[in-house]
Structures are given as C-alpha cells and as structure tokens.
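Note sheet for the following structure.
The values are calculated or read from the model by the stated rules, or taken from the named source; none is laboratory data. Remember, it's a predicted structure, so these values are computed and weren't measured experimentally. All Cβ positions, glycine included, derive from the backbone under ideal geometry; neighbour counts span all protein chains shown. Heads up: the accessible areas ignore ligands, DNA and RNA and are worked out on the full protein's heavy atoms, side chains in. Shrake-Rupley method; radii C 1.70, N 1.55, O 1.52, S 1.80 Å.
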Number of protein chains: 2
Amino acid sequence: MKKKPEILDSKIIASSRLFTIEQMSLEFSNGEQRDYERIIAPGAGAVLIVPVASKSQVLMIREYSAGTHRYELLFPKGKIDAGEDFMAAANRELMEELGYAAGRLSHIHSMTIAPGYLDFTTHIILAEELYQQKLEGDEPEPLEIVTCELNHFNDLLKNPELTEARSIAALYMARDYLMMQQ
Amino acid sequence: MKKKPEILDSKIIASSRLFTIEQMSLEFSNGEQRDYERIIAPGAGAVLIVPVASKSQVLMIREYSAGTHRYELLFPKGKIDAGEDFMAAANRELMEELGYAAGRLSHIHSMTIAPGYLDFTTHIILAEELYQQKLEGDEPEPLEIVTCELNHFNDLLKNPELTEARSIAALYMARDYLMMQQ
C-alpha cells in the first residue's frame, strides 16, 4: 500500500455562500511535489433515496438542475442536516420531495462524485414499504414523479434526461437488489 | 413538459485557477424566484475509459485523489483538450495513464456528476483490443493497475476504495455489455 502524499501547506483561495476552494501543496512518497485545488462542500454529505414502488418499479423525479440548466431525471437527494442521522435525512427528504415516508430504509452504498476535486459523500438509501406522508419542503415548484419500470431497463438508460452518475449507479443497484428478492 | 426557469441575472462571484463560481437569479414558470450558485468547470468535459482486458476482466487504477485525500479505485479519466475529439482523448489518456492503446473504442454513455451545482459531462468509453503503447503523461507517481474480475462483481462492489459514482455506473454498464457479447 502506497503512503498518502503529505500536505505541506493548504490555504483557502476563494469562497462563496456554498463553496470554499482550497489550494493544497502536496509531496508524494517519491518526492514529487504538486499543487492541487479542491472544493470543500459544506455539511455532512448527502443522501440519495431510491423509493421502491413495487417489485419492479422505482420512483424518480424530474427536477430542474441549475448546474446544467435543464430538467434531469434522477432520484430524490438532499443534504444531511447538522447532527441528523443519515437514515432520518433520507426519510425527511422523501417526505418533502415525494410526499411519502418509508416503513423500511436500507443503506446500500456510499459514493463520491469527483474524488479528485471534491470531498463529498452521498449515501444511497433504498426506501421500501412506502406510505403517504407529506412534509413541507422548500422546492420552488412541485416535482414531477416518474414511475420507472426496471423490467425495461435498457429503455430507461436511453432517456436523455437520465445523466446523473449516482442515480444511474443506484438504478443498477436497485435492480440487482430487487431481483435477488424475487 | 415544463418550461425551464428564466435566468434573470447571473454573475461570477468567486474564481480560482480551476474553478469559477457563478450566482444565478432564476424565475420558475410558476413565478417563484430563487438564487442559485453553480460551479463552472473549465474545458469541454472529460472522458472515463473502461479498458477491457478479457471477456470478464476490466482494468482499474488506484490513484491518489486530492478531493478526498486518499487512494481511490477508479477508471482512468481525463479532461478533453481544446479542439480534441473525445474518442481521441480517451485513447490518449489510456496511453498516458495505463500504457495501452485500444484497437476499438465505443461510446456507451455520457454522464453528469452533480447537475444541480455543476455543468460538467463525462463521456464513458469502452476500450477493447488493447495493445501496449506508452505516452508520457503528467502523473506525479506511477499508477497502480488493478485487474478486476466482473464474475466476482459483488466482491468488487464491497471494496472500500471503490466509491466514485461514475466508475461504479461504468462497471455495471461494462458488465452488461460484455455479458451480451458472450
């Protein structure tokens, strides 16, 4: 196992309300020195929820995404509040964004999105035994809920609005998980 | 189909060598107004290469990732140079990072990583018919190449160094693609 590079120096070089950009000077175990920039995202990471509607169906949302400035098909996601358990965060986001709570929540994986540039973890939570329970969220507009049929998986993957890597990975994981239950 | 929010105003509020942070004021079609921040990454996006070593094996790398400050197991990736075709970028990165070129390259998907906050696309390229061909890269240290057995997929997913969502999604896609060829 290689030894991690040593951080010789680090400093904040820019920041905004949401993001902080840090510059780090690193020395690798072979003596090579390099400067890196990374984004420090606030908070304790995020949850992504896979709401299971039936043995072969999951619910996704069509949500406006400001980064790409278009509507994207993805799983509901949200930041974990300070001090909040990530399972509780998953159920809260599910109630806020979809109007459902889950009788059963299972943590199936934790993912990073750009480990070279960003220290940010998203916990993938499968939500089963759904029942209606609405919690007021802060969405600017009602989210469109889309029922996705896992038995038509290849068609689903061809949807041009389905681009987000975490949602695609979670779809595959949900398919494998639900197939094993059958 | 919902109409996209209108951008009422946008301005750069912070920047560094790599990143630019933009603030946007948006008005949704229902009249709701919100401010958003997004990161504008430089360049034309990235490629992620899935090097296929055999009918059931792909090559991954163990690479130091400054964002998470640890070694991660992932597929080779790199930015597309200005004016460069993304298939050419994939072969270049493969030669630089792994010392192989591919006789056959297939574009299997394009993904975003955080569409709410970042306008950045990664093209997933399957690289087959590998042959040795080294191109000098700018890696600070030699990359460790890891041969991954797709027939032991669940063991692979349990590797704690495998966290990156794009690499996980690409692993599933490669498994499906290679199973279809058999």
Problem set entry | Number of the condition not met by B:Ala102 [criteria: (1) away from every other protein chain (no Cβ under 13 Å); (2) closer than 24 Å to B:Glu22 by Cα] | (2)
Exercise. Can A:Glu129 be described as more than 28 Å from B:Lys2 (Cα to Cα) and either modelled with pLDDT of 95 or more or in the same structural domain as A:Thr20 (by TED's automatic domain parsing) (or both)?
Worked result: yes
For this session: Could you tell me which of the residues B:Met1, B:Met87 is open to solvent by 20 Å² or more (accessible area, probe 1.4 Å) and farther than 21 Å from B:Phe120 by Cβ?
Result: B:Met1
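Can you tell me which residue in region B:15-61 is farthest from the other protein chains (Cβ to nearest Cβ), limited to those that are assigned to a loop (DSSP other than H, G, I, E, B), over 29 Å from B:Asn91 (Cβ atoms) and not charged (D, E, K, R)? Break it down stepwise before answering.
First, the residues of region B:15-61 that are assigned to a loop (DSSP other than H, G, I, E, B): B:16-19, B:28-32, B:41-45, B:55-56.
Within this subset, residues satisfying the condition of being over 29 Å from B:Asn91 (Cβ atoms) are B:16, B:28-32.
Still in the running and not charged (D, E, K, R): B:16, B:28-31.
Values: B:Ser16: 5, B:Phe28: 5, B:Ser29: 7, B:Asn30: 5, B:Gly31: 10 Å.
Checking each candidate, the answer is B:Gly31.
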Problem set entry | Residues of region B:151-180 classified as closer than 24 Å to A:Thr163 by Cα and away from every other protein chain (no Cβ under 13 Å), total | 1
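Of the residues A:Asp138, A:Asp81, A:Asp155, which is more than 30 Å from B:Ile61 (Cβ to Cβ), of a type outside the set (A, V, I, L, M), open to solvent by 40 Å² or more (accessible area, probe 1.4 Å) and part of a helix (DSSP H, G or I)? Spell out how you get there, then give the answer.
Numbers: A:Asp138 fails: part of a helix (DSSP H, G or I); A:Asp81 fails: part of a helix (DSSP H, G or I).
Answer to the check: A:Asp155.
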Problem set entry | Number of the condition not met by A:Leu135 [criteria: (1) in contact with a helix residue (DSSP H, G or I) (Cβ under 7 Å, 6 or more places away or on another chain); (2) over 22 Å from B:Ile168 (Cβ atoms); (3) within 10 Å of chain B (Cβ to nearest Cβ)] | (3)
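Confirm whether A:Leu59 is under 23 Å from A:Asp155 (Cβ atoms), of a type in the set (A, V, I, L, M, F, W, C) and in contact with a Phe, Trp or Tyr (Cβ under 7 Å, 6 or more places away or on another chain). Break it down stepwise before answering.
Values: under 23 Å from A:Asp155 (Cβ atoms): yes; of a type in the set (A, V, I, L, M, F, W, C): yes; in contact with a Phe, Trp or Tyr (Cβ under 7 Å, 6 or more places away or on another chain): no.
No: the conditions fail for A:Leu59.
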